[in-house]
Amino acid sequence: MQYVEDVSWISAFGAHYALGVDGLGLALVLLTTVLTPIVILAAWDDGDRESGGRWGTGTYFGFLLGLEALSLGVFAATDVFLFYVLFEATLIPTYFLVGGWGGPERARAAAKLLIYNLLGGLVMLVAVIGLYVESAKAGTPSYLLSDLSQLDLSTGVERWLFVGFFVAFAIKAPMFPVHTWLPDATQQGTPGVSVMLVSILDKIGTFGMLRYCLGIFPEASQWATPVVIALALISILYGALVAIGQDDMMRLIGLTSVSHFGFIVIGIFVFNSQGQSGSTLYMVNHGLSTAALFLVAGFLVKRRGSQRISDYGGVEKVAPVLAGFLLLSGLSVLSLPGMATFVSELLVLVGAWVEQPVIAIVAVPGIVLAAVYVLRMYQRTMTGPVAPGVEVVTDLRPREITAAVPLIVLLVVLGFYPKPLLDVVDPYVKDTLSQVGRSDPGPSVGSATDSDAARAGTVVGVLLEAALPRGRRYLWQVLVAAVGLIAALVQVVLVVRRLDLLGGGDADRGRLIAESALALDGPTVVVWALVLVFALLGVLLFAERHLEGGVLSFAGQAAALPGTEAEREASAKGLEHTEVFPLLMFAVAGMLIFPAANDLVTLFVGLEVLSLPLYLLCGLARRRRLLSQEAAMKYFLLGAFSSGFFVYGLALVYGYAGSMRFTEIAAAVSGRTGGTGLLLGGIGLMSVGLLFKVGAAPFHSWTPDVYQGAPTAVTGFMAAATKVAAFGALLRLFYVAFGGARWDWVPVFAGIAVLTMVIGSVVAVTQSDVKRLLAYSSVAHAGFLLVGVIGIRSVGALQNGEIGAVQAVLFYLVTYGFTTMAAFAIVTLVRDSGGEVSALERWAGLGQKSPLVAGVFAFLLLALAGIPLTSGFTGKWAVFTAAVSAGWWPVVVVAVLLSAVAAYFYVRVIRLMFFTAPLPDGPSVAVPSVLTTAVIAVGTLATLLLGLVPGYVLDRIGDLSLFVR
């Protein structure tokens with residue numbers, strides 16, 4: 001590290017203003033300082049108000065220079081806190097540059113860019129905090145990279161912290177599947193802004209992977225390599241294939257970068273000098289080649305006034321110099337030998353072949369596809385007869401030539417003589433490989449093994465799914481999601497069958513895994529099984545196509561503003577977002593981590609991982625999109641606030657106990673002699689985050705708006721699976737970690753339970769929308785579940801055969817989940833010409849139009865009310881019994897009274913359906929496919945059986961209701 005500067009910045013945080021450069025940083029600093037003046041020269045008049053800008057030229061260049069300064073700080077920072085601050089600060093000028101100047105939908109593109117990158121930053125923030133906490137535990141609290149790289153992290157902690165950093169860098173780069181913000185930004189931004197975005201800002205992502213992921217988390221980086229390589233390969237082929245089909249020139253160039261970043265990531269994670277030197281060289285060369293292509297394409301667009309490739313033809317006849325520069329920059333993008341990009345791509349492929357030949361074999365088609373999209377674009381725009389409107393295109397002016405020439409010269413020089421740049425980066429690469437404990441392996445001469453064949457088959461299968469045309473993605477996405485969930489369920493069943501072998505006996509069945517970050521015990525597998533079952537039902541609801549005329553109930557083009565021509569065009573073409581299935585699976589992954597977490601950092605990671613995809617899913621409704629987007633934004637903002645409270649509480653608890661692990665926190669709580677302010681403050685703040693997620697008062701205000709605005713399939717999935725995961729996490733945290741302080745928190749929870757039941761039951765009476773009514777019903781049920789939570793008692797206090805609190809709450813979650821998913825599935829069936837009908841008055845007389853559907857819905861409502869012979873009755877009986885046994889009979893009395901209030905609004909809906917005349921223009925009941933029918937049938941059957949014969953399920957949950965400690 002050279003040119004080091006280190007000054008204490010915020011001593012209370014342990015943060016330093018620490019800067020320095022090594023080979024990697026110097027290469028990217030040089031790239032930034034070379035490109036910025038070229039962009040300013042090329043975009044000299046892009047900031048004029050006459051060009052459509054929101055502000056003037058001075059502001060435009062001010063933001064450009066601000067972005068350059070912040071990017072230089074990122075590449076030179078050697079303090080993780082400083083790096084994070086600058087990493088996030090780059091979003092400020094970027095947001096205004098994309099949103100202030102460019103295309104008509106630039107505000108949407110800027111918002112999407114900001115949201116994606118902020119979400120990644122939030123995940124990394126958790127990891128940064130966790131890294132500092134781990135350094136404090138080691139006795140050297142510091143954010144300095146030199147100190148953090150020497151930490152001896154446990155395997156589990158290192159891996160989770162790696163994930164936090166990697167997610168943020170993968171979004172910034174970007175990589176599949178978190179890449180969708182980039183093509184929108186390049187399509188709407190000015191060419192100069194696109195250059196700064198793709199050639200400089202996005203390099204922060206791959207820079208971070210090398211500097212921080214490999215530098216601080218060497219073991220975790222190698223552990224994650226198979227997944228990272230698979231995502232990189234998908235990015236290569238997916239970006240190239242999608243680029244081929246684009247008609248927007250700037251969007252096409254943006255998508256090519258997704259493909260190229262895949263090559264860079266492969267070079268980083270093959271862990272040899274060829275790959276990592278090639279990836280560092282690739283960052284520089286890609287920055288130069290993409291900058292040239294963006295700028296020359298921008299010159300063309302400004303002359304013709306259109307970004308559509310189909311509007312061009314024959315440009316070489318009227319502007320030969322411009323056509324020549326476009327050809328040269330295009331050839332550099334497709335890595336033609338003699339261009340700098342060829343050297344870097346060759347090094348990456350050699351490194352991949354040395355590590356694992358199949359990686360190189362799968363990646364090579366990306367080069368072929370690059371030739372297709374570049375040459376196809378050139379042929380359609382430059383050759384052939386002069387298209388109408390192209391005759392006005394003039395050739396490049398001296399200023400524009402002056403801006404483009406240095407880029408082409410650098411690409412050619414580095415293509416024939418890359419040694420100076422390689423000499424700069426090679427020492428850094430050797431140090432990095434030494435730090436991760438890898439040396440350059442010799443070429444493999446052995447024969448292929450079964451493991452190699454299995455890995456190759458897995459990669460090819462994923463790539464085939466990603467490469468399928470739009471019309472065939474639906475089937476593969478549904479199959480992949482369903483098969484994955486079923487396979488996970490089978491694993492859970494196998495774990496349950498041998499769970500008693502994992503621990504020391506019936507009283508402690510299970511063990512701590514992943515360096516004690518996760519607990520594998522009875523409550524964990526019960527919650528896992530429920531989440532997976534409800535997720536499988538959610539996949540069936542997501543996959544329903546019959547109700548929307550052959551397409552999914554999700555927006556055809558989420559990026560299109562509601563009411564615009566783009567939205568109408570997407571609807572007319574029958575477009576649909578099959579990305580909802582990976583998003584659901586991503587949320588499920590978080591839901592599986594959340595209830596199994598055995599330390600505070602893992603708990604928070606699980607919370608965020610399950611939340612982020614849900615924020616996106618809530619805003620993807622095909623109809624009433626403004627309401628859906630408003631719901632998503634409210635959910636995101638309030639969720640971010642609640643997460644902030646949770647993190648603050650986490651810090652206080654750590655300050656009290658000196659540990660993140662539940663067992664050590666429990667020991668500190670049981671042996672406390674003072675300082676309870678930190679403990680109680682931490683418990684209170686962490687409760688805010690968890691009670692928000694379960695929808696308990698007074699943190700419930702998001703629930704009715706989100707339930708109403710989100711696609712109903714998403715609402716049903718959230719109502720069941722999220723509540724299961726959240727209560728599973730709440731039980732573990734408060735019973736295992738804070739069990740010794742139960743006399744402090746149980747009375748507070750009792751008051752919250754009463755408040756939640758009152759608000760949920762009373763406010764539901766006034767609702768005129770079915771989905772909002774079910775939302776407040778969900779709030780009330782959160783209160784009933786909290787009644788079970790306060791029934792905590794020690795294991796020794798339970799009599800033989802007596803229902804415990806954990807058993808009661810888990811059983812209630814079973815009953816509630818099946819019933820509520822079936823109820824929301826029925827809501828999707830009541831429709832008119834405008835889609836779903838949720839206005840309650842329009843359900844009048846539904847029992848006369850469709851007595852079967854109305855009858856099933858009535859049965860489900862009675863179950864939610866807790867009527868005997870339904871699962872709702874047995875569920876409430878269980879939690880009430882547990883609470884009474886613990887001495888909380890006054891709360892149970894209030895709960896019983898409020899159950900009667902709740903029964904009123906359920907019966908009101910039944911009366912409306914069966915005893916009110918139907919409206920002349922009232923809705924009808926649509927006939928769903930077998931998918932939605934299956935959800936309704938399974939939910940209704942479970943509601944009936946758990947009401948009539950609940951004993952077996954209750955007993956099995958009772959056998960699995962002990963937490964491992």
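The values are calculated or read from the model by the stated rules, or taken from the named source; none is laboratory data. Worth saying up front: this structure is predicted, and the values here are computed from it rather than measured. So basically every Cβ, Gly included, is an ideal-geometry build from the backbone, and we count neighbours across all protein chains shown. Only protein heavy atoms, including side chains, enter the accessible area calculation; ligands, DNA and RNA are left aside. Shrake-Rupley method; radii C 1.70, N 1.55, O 1.52, S 1.80 Å.
General remarks:
- Every residue from segment 847-887 that is open to solvent by 20 Å² or more (accessible area, probe 1.4 Å) and on the phi > 0 side of the Ramachandran plot: Leu869, Gly887
- Residues satisfying the stated conditions in segment 60-96, i.e. more than 25 Å from the chain's Cα centre (by Cα), farther than 28 Å from Val133 by Cα and not small (Gly, Ala, Ser): Tyr60, Phe61, Phe63, Leu64, Leu65, Leu67, Glu68
- Qualifying position, being surrounded by fewer than 24 Cβ atoms within 10 Å (Cβ to Cβ) and under 23 Å from Ser289 (Cα atoms), among Thr206, Thr186, Thr180: Thr180
- For segment 305-320, the candidate set comprises residues that are of a type in the set (D, E, K, R) and at pLDDT 85 or above; within that set, the residue that is surrounded by the fewest Cβ atoms within 10 Å (Cβ to Cβ) is Arg308.
- The combined condition, being at negative phi and open to solvent by 40 Å² or more (accessible area, probe 1.4 Å), is not fulfilled by Val374.
- Pairs linking a residue in segment 78-97 that is in contact (Cβ under 8 Å) with a residue 60 or more places away in the chain to a residue that is open to solvent by 30 Å² or more (accessible area, probe 1.4 Å) and of a type in the set (A, V, I, L, M), with Cβ atoms under 6 Å and 6 or more positions apart or on different chains, are Thr90/Leu70.
- Of the helices (runs of 4 or more DSSP H) that lie entirely inside segment 852-965, those containing 2 or more residues that are of a type in the set (S, T, N, Q) and more than 26 Å from Ala753 (Cβ to Cβ) span 930-948.
- Considered as a group, the residues in segment 98-107 that are part of a helix (DSSP H, G or I) and buried (at least 19 other Cβ atoms within 10 Å of the Cβ) include one that is farthest from the chain's Cα centre (by Cα), and that residue is Gly100.
- Residues within segment 640-669 that are assigned to a helix (DSSP H, G or I), over 22 Å from Gly120 (Cβ atoms) and either open to solvent by less than 60 Å² (accessible area, probe 1.4 Å) or in contact with an Asp or Glu (Cβ under 7 Å, 6 or more places away or on another chain) (or both), tallied: 13
- Segment 104-131 residues that are without any contact (Cβ under 8 Å) to a residue 12 or more places away in the chain, paired with ones that are surrounded by fewer than 22 Cβ atoms within 10 Å (Cβ to Cβ) (beta carbon under 7 Å, 6 or more apart): Ala107/Gly99
- Criterion applied to Leu603, Leu637 was being of a type outside the set (Phe, Trp, Tyr), crowded, with 21+ Cβ neighbours inside 10 Å and within 22 Å of Ala782 (Cβ to Cβ), and the one residue passing it is Leu603.
- Among the criteria (1) open to solvent by 20 Å² or more (accessible area, probe 1.4 Å); (2) within 26 Å of Val827 (Cβ to Cβ); (3) modelled with pLDDT under 80, the one Leu547 does not fulfil is (3).
- Out of Leu151, Leu114, Leu161, one residue alone is open to solvent by 20 Å² or more (accessible area, probe 1.4 Å) and part of a helix (DSSP H, G or I). It is Leu114.
- Taking segment 191-304 as the region of interest, the helices (runs of 4 or more DSSP H) fully inside it that hold 1 or more residues being closer than 20 Å to Leu411 by Cα and more than 26 Å from the chain's Cα centre (by Cα) are 191-195, 273-304.
- Restricting segment 395-439 to residues that are part of a loop (DSSP other than H, G, I, E, B) and over 39 Å from the mean Cα position of the chain (by Cα), the residue that is surrounded by the most Cβ atoms within 10 Å (Cβ to Cβ): Leu396
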